[in-house]
1. Over the range A:2-221, what is the relative contact order in percent, taking alpha-carbon pairs closer than 8 angstrom and at least six residues apart?
2. Highest GNM mean-square fluctuation, chain A, Cα pairs closer than 10 Å: which of A:Ser16, A:Ser202, A:Ser67?
3. Spelling out what I want: for every residue of the range A:182-192, take phi, set θ = phi - 60°, compute 6.51 cos²θ - 1.76 cosθ + 1.60 (Karplus), and round to whole Hz; glycine and proline get x.
4. Tell me the GluC sites (Glu not before Pro) within the range B:28-131 that lie in a loop according to DSSP and have at most 13 other beta-carbon atoms within 10 Å.
5. With a 10 Å cut-off between alpha carbons and a GNM built on chain B, which of B:Val67, B:Val33, B:Val134 moves the most?
6. Check B:Gln37: other-chain or 5+ apart residues with amide H under 5 Å from its amide H, H built from backbone geometry?
7. Within 10 Å of each Cβ of B:142-149, how many other protein chain Cβ atoms are there on average?
8. Work out how far the C-alpha atoms of the range B:1-156 reach from end to end along every principal axis, then list the three figures in whole Å, largest first.
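Computed from the coordinates by the stated procedures, all read-outs in this text should not be read as laboratory data. As the structure is a computational prediction, the values presented were derived from the model and not from experiment. With ideal geometry, Cβ positions are generated from the backbone for all residues, glycine too; neighbour counts draw on all protein chains shown.
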Amino acid sequence: MITPVWLLLKREMRQSVRRWSDLISPLVFFVLVSSLFPLAISPAADVLRQVGPGVLWVAALLSMLLSMNRLFRDDFEDGSLEQLVLAPQPLVLLVLGKVLAHWLQMVLPLLLLTPAVAIAYDLPGEATRVLLLSLLLGTPALSLLGGITAALTVGLRQGAGVLAILLLPLSIPVLIFGSRATDLAVEGMDTTGPLMLLGAISLLSASLAPFGIAAALRVSLD
Amino acid sequence: MSEPSPHTIGLSASSLLLFRGERCLLNGLALHVAPGQGLVLRGPNGTGKTTLLRVLCGLTLPEEGDVHWNGMAIREQRNEWQRALGWSGHKAGLKSELTVRENLAFAAALSGRSSGEIPAELGLAECLDLPTRVLSAGQQRRSSLARVLLGNSLIWVLDEPYTNLDTQGQGYLNACLDTHLAAGGIAVIASHGNAHSALGMTEKTLLNGVLQ
């Protein structure tokens with residue numbers, strides 16, 4: 001059962017290490033968007049501390065959206081998606097490998113940048129830790145939900161716009177619990193509840209979304 | 001769907017119906033290819049040859065009718081069907097940054113076999129370790145076909161396999177087809193060229209949604 005996931009993961013990693021420039025722009029976008037807010041709103045530390053969690057979560061969501069469009073598009077255009085769909089392996093596991101690779105390439109670097117960006121919002125150490133934890137727990141759900149919408153829109157010419165319209169409403173629960181957890185940490189309160197809910201959403205997505213992605217890909221190739 | 005008749009062995013399709021917009025691409029089309037036989041699809045551009053091949057593979061669902069393999073609809077035996085099928089479409093299906101060798105190894109692993117030797121007749125010896133984006137169109141076609149030719153699929157479905165191939169490449173493809181059919185395999189090919197194997201290949205023309 002692990003082999004198809006591993007096969008895809010290995011191929012994706014190899015392909016994107018050799019095209020690393022594709023990985024850079026969502027990260028630059030994340031850093032730029034989140035450093036624009038302190039410039040535009042107010043340099044007052046208590047205001048920034050209040051908007052920081054929400055802004056960082058939205059910036060992370062938007063930068064993931066930026067990379068989501070490419071998730072299946074290259075495979076669709078070069079024909080390797082047909083090969084995956086017709087391969088004698090469970091498509092559900094193949095797409096799980098694909099989404100996992102995307103998460104490792106897009107989200108892990110973003111997590112590494114987050115502590116540096118959080119300095120601009122004067123977030124206390126404990127809040128930064130919770131922010132990282134909430135991103136770690138919440139972004140898998142975003143990757144998986146994004147996978148469904150990317151699979152549905154892969155055959156469309158205006159795919160990127162439709163993808164945003166489909167994905168953003170779906171990501172609202174993750175956004176709420178993620179920024180709320182960090183908010184609570186800023187106020188020095190207990191954050192277990194929202195963090196556990198984030199983890200639950202991600203687990204639920206991980207067990208159901210691959211089936212949705214596989215079905216959506218079959219429809220898109222029809 | 002298990003009526004005992006000689007038509008249950010091999011690849012068959014009955015009363016396939018498919019519309020694209022207003023156009024009827026497949027209009028009650030039926031076909032049967034027995035083991036050891038090959039079918040060459042002819043027909044002017046835009047008559048739906050590629051669509052028919054995609055329906056046969058199971059990539060496109062027809063509005064009506066079914067594709068059967070050994071007497072059972074392919075959508076009811078997806079695992080067995082996909083293990084038996086080798087598909088090479090007009091898109092190469094190669095990852096541009098990976099080398100030919102890596103692409104072929106991935107394809108082999110995907111179909112659960114170890115990647116064996118790559119024969120010299122394939123004409124890829126010099127570019128095995130180059131990323132496929134730098135290959136010529138003919139070399140890309142060869143790499144794409146190699147996935148099917150070196151595999152052990154029972155059923156080959158090839159869309160315009162002769163495109164961009166030089167004379168040697170066409171000859172090699174024909175030789176592979178001969179061996180494949182002689183071993184009891186099935187091949188369905190859409191092709192304009194007149195180069196194709198003489199052994200057990202029937203030619204049919206797709207016109208107005210039926211084979212003639």
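1. Details: 257 pairs, mean separation 61.4, N = 220.
This gives 28 percent for the range A:2-221.
2. Between A:Ser16, A:Ser202, A:Ser67, it is A:Ser16 that shows the largest mean-square fluctuation.
3. 5, 3, 4, 5, 4, 7, x, 9, 6, 10, 4
4. Values: sites: B:Glu63, B:Glu64, B:Glu76, B:Glu80, B:Glu97, B:Glu102, B:Glu117, B:Glu121, B:Glu126; in loops: B:Glu63, B:Glu97, B:Glu117.
Those that pass, being in a loop and sparsely packed, are B:Glu63, B:Glu117.
5. Maximum fluctuation in the GNM of chain B, among the listed residues, is at B:Val134.
6. B:Ala187
7. Working: counts 0, 0, 2, 0, 0, 1, 0, 0.
Taking all residues of B:142-149 together, the mean is 0.
8. 49, 36, 23
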